[in-house]
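Novice: Below you'll find the structure I mean.
The values are calculated or read from the model by the stated rules, or taken from the named source; none is laboratory data. Model, not experiment: these values are computed from the prediction. Note that each Cβ is placed from the backbone with ideal geometry, even for glycine, and that neighbours are counted across all protein chains shown.
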């Protein structure tokens, strides 16, 4: 199973969702990989902590070697690193990704990630975290996999961004990946007692968007897990927000 988590609006919880779903997968005994394509490297820091600052080689080097045949000497396995958690691995991000983007676009390396994923048959599940923009890296991810998860943070700006995002997915479907589909909209930072979030979610459902049943509420526990670089299933497996992520994972398993 391979999934990309994408929303071109920032701050909607892409990295939190990516890492916690991946951690649950790993905790259930599945060999799981996170690919962090966002130069901000939030997923990398979430899973590696302080080690994220020094780990090498990164995705920056992975993409850099695509630009020079003389450097094309490291196999994909060299860029995959274990996390402190059993069965959970990461291809870490790098600020260098930003500088490489225009060069990769000009050389039309948009299909290289897809080719790489086809080699990674040893992984049961792969989750791809993306930048908050439809750039080279996001497009590469959407071309590479068939399933797209969209976090939605119960905000009217986020709702408007969904329409543009759907059009972007349709373009990728038409031009590059006919199998791509939106697997589900994940309602994140949900406040069940507030009127507006419920209204926005109901409107999305009425419009026919594939809104998932599980709601992820806001919680200080999530911020604490970020601070300690410990996904929720390892940080506090009994907490209600952890159990919500477990329910989300199980809902996706049945789709």
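Novice: Output the residue which, of all residues in the stretch 187-202 that are out of contact with any helix residue (DSSP H, G or I) (no Cβ under 6 Å at 6 or more places or on another chain), in contact (Cβ under 8 Å) with a residue 12 or more places away in the chain and surrounded by 12 or more Cβ atoms within 10 Å (Cβ to Cβ), is nearest to residue 142 (Cα to Cα).
Specialist: Among residues in the stretch 187-202 that are out of contact with any helix residue (DSSP H, G or I) (no Cβ under 6 Å at 6 or more places or on another chain), in contact (Cβ under 8 Å) with a residue 12 or more places away in the chain and surrounded by 12 or more Cβ atoms within 10 Å (Cβ to Cβ), the one nearest to residue 142 (Cα to Cα) is 188.
Novice: So, in the stretch 208-255, how many residues would count as being touching a strand residue (DSSP E or B) at 6+ places or on another chain (Cβ under 6 Å), in a loop (DSSP other than H, G, I, E, B) and loosely packed, with under 15 Cβ neighbours inside 10 Å?
Specialist: 1
Novice: Quick test for you: out of 57, 84, pick the one residue that is within 19 Å of residue 123 (Cα to Cα) and in contact with a helix residue (DSSP H, G or I) (Cβ under 9 Å, 6 or more places away or on another chain).
Specialist: Being within 19 Å of residue 123 (Cα to Cα) and in contact with a helix residue (DSSP H, G or I) (Cβ under 9 Å, 6 or more places away or on another chain) holds for just one of 57, 84, which is 84.
Novice: Quick one: which residue in 6, 79 is in contact with a strand residue (DSSP E or B) (Cβ under 8 Å, 6 or more places away or on another chain) and surrounded by fewer than 24 Cβ atoms within 10 Å (Cβ to Cβ)?
Specialist: From the options 6, 79, the qualifying one is 79.
Novice: Given the conditions (1) touching a helix residue (DSSP H, G or I) at 6+ places or on another chain (Cβ under 6 Å); (2) modelled with pLDDT of 95 or more; (3) under 18 Å from residue 17 (Cα atoms), report the number of the one that residue 177 does not fulfil.
Specialist: Just one mismatch for residue 177, condition (3).
Novice: Given (1) assigned to a strand (DSSP E or B); (2) under 17 Å from residue 12 (Cα atoms); (3) more than 19 Å from the chain's Cα centre (by Cα), identify the lone condition not met by residue 200.
Specialist: Just one mismatch for residue 200, condition (1).
Novice: Looking at (1) surrounded by 16 or more Cβ atoms within 10 Å (Cβ to Cβ); (2) modelled with pLDDT of 95 or more; (3) not in a loop (DSSP other than H, G, I, E, B), find the lone condition where residue 49 falls short.
Specialist: Single failed check for residue 49: (1).
Novice: What tally of residues in the stretch 1-27 results from selecting those that are part of a loop (DSSP other than H, G, I, E, B) and over 19 Å from residue 189 (Cα atoms)?
Specialist: The number of residues fulfilling the criteria is 1.
Here's the yes/no breakdown for (1) farther than 22 Å from residue 214 by Cα; (2) assigned to a loop (DSSP other than H, G, I, E, B); (3) at pLDDT below 95:
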{"position": "109", "(1), (2), (3)": "yes, yes, yes"}
{"position": "114", "(1), (2), (3)": "yes, no, no"}
{"position": "118", "(1), (2), (3)": "yes, no, yes"}
{"position": "133", "(1), (2), (3)": "yes, yes, yes"}
{"position": "140", "(1), (2), (3)": "yes, no, no"}
{"position": "148", "(1), (2), (3)": "no, no, no"}
{"position": "154", "(1), (2), (3)": "no, yes, yes"}
